[in-house]
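**Q** Below is a structure I'd like to ask you about.
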C-alpha cells in the first residue's frame, strides 16, 4: 500500500512538473507586465512630491522634479512610438508646471505604451523596430530592445527622483514601511 501511494505521488509530481514546463513564456506578455508595473511605480513616486516642490531641483544644472517627469513622458512617447503601433501617441506639453497636468502627461504615454504592446506578438517583438529617426543611443534594434531600453531609462530617472524626494525629507513610496 505504501509503495502504491509512493508511486502515485511520484507520478503526480512528474505530471505537475511536465505541465509547468509545457507552459510557454511570452516575450510580449512579459514586456506588458513589466511596463504596467513600471507605470504604477512611476505614478506613485511622481505623486509623492507636493505640488509646491515640483520646481525643486537638486542642483542648478539639473532638471526640476516636474521636468524629470516630463522627460520620462517624452522618452516613453518617442521610444514606444518606434514599435510602429496603430495606437495614436498622446500629445504632451513639455512646459507644464501644474502637478495635475504633469501627472496626466506621465500617465498618458504609459497608456500609449500599453496599447502599443498589446498590438505586439512574440514574433513582432523580435522584429526590427520602425525607424522614424536616427537614434544615437541604440541604432537598429528589435522592438523588444526598444521596450527594455525605455524601461531602463525610466528606472534611471526613478533613481534620480528617489534622491530628489529624500533631499526634501520624503520617503519614496517603495521604501515606506506600513
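Values in this text are rule-based calculations from the coordinates and carry no lab data. From a predicted model like this one, the values you see are computed outputs, not experimental measurements. A quick note on method: Cβ atoms are made from the backbone with ideal geometry, for glycine too, and the neighbour counts reach across all protein chains shown.
**Q** Tell me, what is the percent relative contact order of the range 26-175, built from C-alpha pairs under 8 Å that lie six or more residues apart?
**A** 34 percent
**Q** Another question, then. Going by how many other Cβ atoms sit within 10 Å of their own, how do 151, 45, 102 line up, fewest first?
**A** Listed from fewest to most nearby Cβ atoms, that is 151, 45, 102.
**Q** Related question: Would you mind getting me the FRET efficiency between residue 44 and residue 137? Use the beta-carbon distance for r and R0 = 25 Å, nearest 0.05.
**A** With a Förster radius of 25 Å, E is 0.40.
**Q** For residue 130 and residue 101 in one chain, what is 0.36 nm times their gap in residues minus the Cα-Cα distance, to one decimal in nm?
**A** 7.5 nm
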